[in-house]
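Notes follow the structure.
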Amino acid sequence: MRSKTGWFLAFFSCIGVGLLPGYVPVAAAQASAQAPLPPMTGPSLTVPGIMPGEAMKLVAYGDSRFTDTSNVSDTNPKVRQFLVKQVAAEKPLAIFLTGDTPFVGADAADWKVFEQETSAWREEHLYVFPTMGNHEVKGGYEAGIANYRANFAQLKGYLYYSAQIGNVYLISLDSTQANGAGSPQRAWLQSQLAHLPPDADFVFFLDHMPLMADLQSQIAASLPATNEISLREVIEAAAAKSHAKFVVINGHIHNYERFEHNGVTYLVSGGGAAQAYPILVRGDEDLYRDHDPKKQPPIINYHYLVIQLEGKHAEGKMYRVADAKADPLSVEVRDNFLLDKK
């Protein structure tokens, strides 16, 4: 049994790798700049046949690290496959992936595992909206981007984009490209925020890197980074002027956290089966309180989120794997929250 210090050092060594994927080589940045650019105003994509205010179910989660099932250290293949099937069984309209979908994005074999293990999603005709994580470009930026585009052809080559889904407006950012002040991505984001559709009651943001993080991540990994704090300020300034409810969903931290800050809901959903980051300390800002500091080893939150929307009302639930060592696996609801339009 590991001590608390041992768990903390394990967490630090895990999350300390690849913390700043926003910085890429110049050649990679130039290659990315040649990609199709989404419209500055209006959605890049639209889900047809969904009327504003129509009831819908969304699922959000990520950090699954699809790879060969023989790799049981960087990811938990049993939990990963189980969660994929659970998500399919939920029959949502759409899935929001928070990044680090493959383990090695430049490895076509890892994407092949993703294709095989998520076949149930295609059988259910689910819309899949991803965001770029650092593992999407692990092993080589250009190869990772090529694999990403090939596996998400519905994005039309966009690496950051927006989508209209009934009364939901989705904005997915690319953490592997510059998105600070003066960058093309920041200009696009600000234009999107200035031209939100009037019938959008909810604005969801997907970004792999956390814009809010718990006390442990702040201390151990300096999350959120300066760049993410800047993005948070832009989003919160827009939220204060908007009629819509803003919800930010991030990954990278392989656990679950929930915050409310200046009228914006922040969700960290990185429990898709990647090597777990145990949370030893939860700060006062984290609204998820299901934490027992005396439990050894600490609780692991392999999970996915279900967001049920109807009109201007939205309710979220976090479904956690009850016991990752059990056979068979099962899920339990461990958090409930409202996301009602302002």
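Readers should treat all values here as calculations from the given coordinates under stated rules, not as data from a laboratory. The structure displayed is predicted, hence computed values, not measured ones. Backbone-built Cβ (ideal geometry, glycine too); neighbour counts: all protein chains shown.
Side notes on the structure shown:
- Long-range HN-HN contacts of residue 66 with modeled amide H, under 5 Å: 103
- 26 Å Cα-Cα threshold exceeded, pairs from 112/245; 85/312; 112/138: 112/245; 85/312
- The stretch 204-342, relative contact order [Cα under 8 Å, separation at least 6], %: 19 percent
- FRET efficiency, residue 313 to residue 181 (Cβ-Cβ, R0 35 Å, nearest 0.05): 0.45
- Here the relative contact order of the chain, from alpha carbon pairs under 8 Å that lie six or more residues apart, stands at 21 percent.
- For the stretch 70-84, 3J(HN,Hα) computed residue by residue from phi via the Karplus equation (6.51, -1.76, 1.60; θ = phi - 60°) reads 6, 8, 10, 9, 7, 7, 10, x, 4, 5, 4, 5, 5, 5, 4 Hz, glycine and proline entered as x.
- Among (1) 18.5, 55; (2) 20.4, 76; (3) 20.3, 63, the entry that matches Rg and Dmax of the Cα atoms in Å as calculated here: (1)
- Across the stretch 223-229, rounded Karplus estimates of 3J(HN,Hα) from the backbone phi angles (6.51 cos²θ - 1.76 cosθ + 1.60, θ = phi - 60°) give 9, x, 6, 3, 4, 5, 5 Hz, Gly and Pro being marked x.
- Taking every DSSP helix (H) stretch of at least 4 residues in the chain, weighting each as -39,500 (n - 2.57) and dividing the sum by the residue count yields a mean residue ellipticity at 222 nm of -8000 deg cm²/dmol.
- Between the amide H of residue 314 and those of 339, 340, 341, distances stay under 5 Å, these residues lying 5 or more places away or on another chain, with hydrogens modeled in the peptide plane.
- The simple Förster model, with R0 at 41 Å and r as the Cβ-Cβ distance, assigns residue 195 and residue 327 a FRET efficiency of 0.20.
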